[in-house]
Amino acid sequence: MTRRKFFRYAFLAAMLLFIYLPILILAVYSFTSSTQIGAIRGFSMHNYVTLFTTPELRNMILGTLALAIGSSILATILGTAGAIGAYYSPPGISNLMQTLNQVPVVNADVVTGFSLCILMVVALHVSKDTFIPLVAGHVTLSAPFVFLSVMPKIKQMDSSIYEAALDLGARPSAALFKIVIPQIVPGIFAGFMLAVTLSLDDYFIATYTKPATFDTISTYVVNATKGAQTTIKTALWALSTVIFAIVVLAVVFMNLSAARQEKGGQRVD
Amino acid sequence: MEKTGNIIELKDVSLVYEDGCKAVDSFNLEVRRGEFVTLLGPSGCGKTTTLRMIAGFSKPTEGDILLNGRSIVDLPPYERPVNTVFQRYALFPHMNIYENIAFGLKQKKTPRDVIDRKVRHVLDLVDLEGFEQRRVNTLSGGQQQRIAIARALVNEPEILLLDEPLGALDLKMRKEMQIELKDMHDKLGITFIYVTHDQEEALTMSDKIVVMNEGRIQQTGTPEDIYNEPINAFVADFIGDSNIFNGIMTGKLKARFCGGEFDCVDDYKEGTHITAVVRPEDVELTEPAKGTIRGTVDSVIFKGVHYEITVLSGRNEIVSQTVRSAQPGDYVGIHVDPDNIHIMMAEDNTNYFFVDINRDYQLEYNGHVLETNLTKIIPASHRTEDGTVLDAGGEAVDPRRVRIRAAIKPGDMEMTDDQEAGLIQGTISNLIYKGDHYSYIIHTELEQDFIVDDEYLWNMDDRVSLLMPEEKMVFSVRKK
């Protein structure tokens, strides 16, 4: 019995170690003055100083965040509008829309990025420097996921509340914004968060559509790790650690607030 | 506009869906100001669709809807002075009770203090004072229903539309709400248009009932009219329990049905094919000698205030509701007061008869086993390996509780001299020439009358056998 228990926990520990060890190694090295993984020379914050003081790095990070938030807002608006439109369309059109929405979700990013590049830059002659192809690419990437996260919330909603709002004298726009949207806010928010994550993660679409002078974290990291500039390279360890820390904090915060909400809900009942 | 006194008129309103399915067909209705009108019918009869056309959610493909004499078919729902109480309440879950009720007034930019006063007034009306700050999900079904009514009434609509509003409540709650709704209607003087499939609800509350079936109005009238003078077999069957028989007029104020000749008060020409309706509470059980017809008691069920007694006379079943009990097997007479026999001209002369379920769960009529599989008639039923037929709930079908009624049109049957060929034998007791064919009445050995159309002339009192092709029969399940 105890032996089985031991193996159970050992397996669990091994799995968690496998998941977290790589990032932990990076985190440890980010606080040293080492230039390569292998030998620890001593504690140093210089990677963090480089990260936050090099204008090139700072601009790259802020640019990535701006792109993520901007494209996600657009994707959220389009995805939500699409889901609401599909739900209230006749069954045939609704099913067609939902099926067509699945294709970009499953499709490889490299295909999406490459074909967008062909369409916008080669066929329509839109300059990459306008950022339009890049933003369009990220919106194309995220909007179908927003659609997918909003749709179940609309289906859960009592479909007659929209009609009830019209019946009580609300114009269709008021019924949509005051009654339907508040019902699906959790789905919209989840879709927005998903869009931000997708945009931050993206490499392929950005490489095909970004202006030559602009880099997202992904494209920058890929280029930097190939180069010989060691100060920048080690500063990226610090960047990885910071991103990881933010993610951990966000997850902990979200779980805590969800737990509190659940408790609060119980008290009301 | 006050001249006619009609608040709303539906003129030849039809709604045909794109696939050609007719939801509502030539619907004509006039509703007077302050009336309580109920649209009554089985599910899928078009009653909710009619309500949705009045509310503005569906547009009629033909016809016109007039509100105070003006057409409203092109008016969107938010510009119509009508409000709806939805079947599943449709309260806004993210708003509290106050905000829910105030929603309609806020759309009209009503001043805040007026909203406060009106909300308090309607909450008082539905007996939920002090509920302003409660969340929707903390309310019971009955309370939510009251809020839905309050939310509609606070807008002071000219017409209140109610779409099966009590369907989701339990029986006791439903009865209470029926009375409260009726009280509210009397107090407020607002016109109510109420949709339900519950005939008792309709009879209890309405000033006027519109019975609908398959998109068409069957009958419009007061509850008493509809109950006492149903215009056709559908209405008679749908409103209350009824014994319905096919028959024929045999003389002045005399009708033969159910194997006997009854005096009646409806005057039809001799030889007319009729449908006779007798309410179970009007069937009197007497000494055998005093009855118009005689039969044996088949079953007795205690129903609280009365007994429901089924008597078999030949092949006919007569259901009687009486306060005096009887024993199964008793030989009794049956008497019906002439006033209580309602005679209608037969519409399409469809022959209805009951078939038996035998021990092998096959259908049987007059000793002949029918090919039709019982599982095709009883919804969601299936046959086990030993041949037992189980219903949707997994229980074996009980032939004492489930009856199968067959319907066959006169044109689908044939007469033959070969006595063994048909399902049942009888003698021709009446014939009428109808232009291009003869209509015969065959009185069978089982005391039933069948109507058969045939282009050839047969003689009165000929003994014939009836060929009834099974594929022409329509079976339906009748629960006892």
Problem set entry | Quarter of Cα convex hull surface for region B:351-479, i.e. mean projection, nm² | 8.4 nm²
Exercise. Considering every residue in B:77-84, what mean count of other chain Cβ atoms within 10 Å of its Cβ is obtained?
Worked result: 5
Exercise. If each of B:N228 and A:R171 carries a label point 7 Å out from its Cα toward its Cβ, how far apart are those two points in nm?
Worked result: 5.4 nm
Problem set entry | Choice from A:D201, A:D158, A:D129 showing the highest fluctuation, given a GNM over chain A with Cα pairs closer than 10 Å | A:D158
Seminar exercise, completed: The helix B:112-125 Cα axis meets the longest alpha-carbon principal axis of chain B at an angle in degrees, between 0 and 90 and rounded to 10, of 30 degrees
Seminar exercise, completed: With label points set 7 Å from each Cα along the Cα-to-Cβ direction at B:D116 and B:K472, the distance between them in nm comes to 7.6 nm
Problem set entry | Least to most buried among A:L124, B:L162 (fewest other Cβ within 10 Å first) | A:L124, B:L162
Problem set entry | Extended-chain gain in nm, criterion 0.36 nm per residue less alpha-carbon gap, A:N95 and A:S159 | 21.3 nm
For this session: Give me the lysines in straight-line cross-link reach of A:K210: C-alpha distance below 27 Å, same-chain residues under 8 apart excluded.
Result: A:K128, A:K226, A:K233
Problem set entry | Nearest-0.05 FRET efficiency for B:K108 and A:Q36, computed from C-beta distance (R0 56 Å) | 0.15
Exercise. Where does the Debye-calculated log10 I(q)/I(0) of region A:13-83 sit at q = 0.26, 0.28 Å⁻¹, using only Cα point scatterers of equal weight, no solvent?
Worked result: -1.05, -1.10
Seminar exercise, completed: Helix A:132-156 sits off the longest principal axis of the Cα atoms of chain A, rounded to the nearest 10 on a 0 to 90 degree scale, by 60 degrees
Exercise. So who's got an amide H within less than 5 Å of the one on A:T32, skipping anything under 5 residues away but keeping other chains? H placed 1.01 Å off N, in plane.
Worked result: A:S44
Exercise. Kirkwood-based Rg over Rh for the protein assembly as shown (C-alpha set), two decimals?
Worked result: 1.14
Exercise. So for A:V150, B:V278, A:V103, fewest C-beta neighbours within 10 Å to most, what's the order?
Worked result: A:V103, B:V278, A:V150
Problem set entry | Gain upon complete extension [A:D201, A:T54; 0.36 nm per residue less C-alpha separation] | 50.7 nm
For this session: For region A:145-210 and region B:144-183, compute the distance between their C-alpha centroids and round to whole Å.
Result: 33 Å
Exercise. Exactly which chymotrypsin sites (Phe, Trp or Tyr not before Pro) in region B:110-213 are in a DSSP loop and have at most 10 other Cβ atoms within 10 Å?
Worked result: none
For this session: Write down the percent of antiparallel bridges among all DSSP beta bridges whose residues are both part of region B:6-228, to the nearest 5.
Result: 55 percent
Exercise. Between B:T61 and B:M345, what is the spin-label point distance in nm, taking each point 7 Å from the Cα along the Cα→C-beta axis?
Worked result: 3.1 nm
Seminar exercise, completed: For chain A, longest principal axis from Cα atoms; helix A:91-106 axis from its Cα atoms; angle between them, nearest 10 degrees, is 0 degrees
For this session: Rank these for me by crowding, A:S218, A:S149, A:S173, going from fewest to most other beta carbons within 10 Å.
Result: A:S173, A:S218, A:S149
Exercise. In whole Å, what is the distance between the alpha-carbon centres of region B:343-421 and region B:444-470?
Worked result: 20 Å
Exercise. What FRET efficiency comes out for the pair B:W458/B:R216, r = Cβ-Cβ distance, R0 = 35 Å, nearest 0.05?
Worked result: 0.45
For this session: Set the Förster distance to 60 Å, then compute FRET efficiency between B:L188 and A:F43 from the Cβ-Cβ distance, nearest 0.05.
Result: 0.15
Exercise. For chain B, what does -39500 (n - 2.57) per DSSP helix run (n ≥ 4), summed and divided by total residues, give at 222 nm, in deg cm²/dmol to the nearest 500?
Worked result: -5000 deg cm²/dmol
For this session: Per DSSP H run of at least 4 residues, take -39500 (n - 2.57); add these up for chain A, divide by its residues and hand me the 222 nm value, nearest 500 deg cm²/dmol.
Result: -26000 deg cm²/dmol
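Using the structure shown, select from B:K59/B:K108; A:K155/B:K118; A:K155/B:K208; B:K434/B:K472; B:K109/B:K175 the pairs with a Cα to Cα distance greater than 28 angstrom.
Over 28 Å Cα-Cα: A:K155/B:K118; A:K155/B:K208; B:K109/B:K175.
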Seminar exercise, completed: Here the relative contact order (percent) of region B:241-345, from C-alpha pairs under 8 Å and at least 6 apart, is 31 percent
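Can you compute the equivalent ellipsoid semi-axes for region B:20-172, i.e. the square root of 5 times each eigenvalue of the Cα gyration tensor, sorted largest first and rounded to whole Å?
Semi-axes, largest first: 29, 19, 13 Å.
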Problem set entry | Cα radius of gyration and Dmax for region A:55-229 (Å) | 18.7, 68
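Coordinate-derived values only; no laboratory data. Everything numeric in this text was worked out from a predicted model, so none of it was measured. No Cβ is skipped: glycine too gets one built from the backbone with ideal geometry, and neighbour counts run over all protein chains shown.
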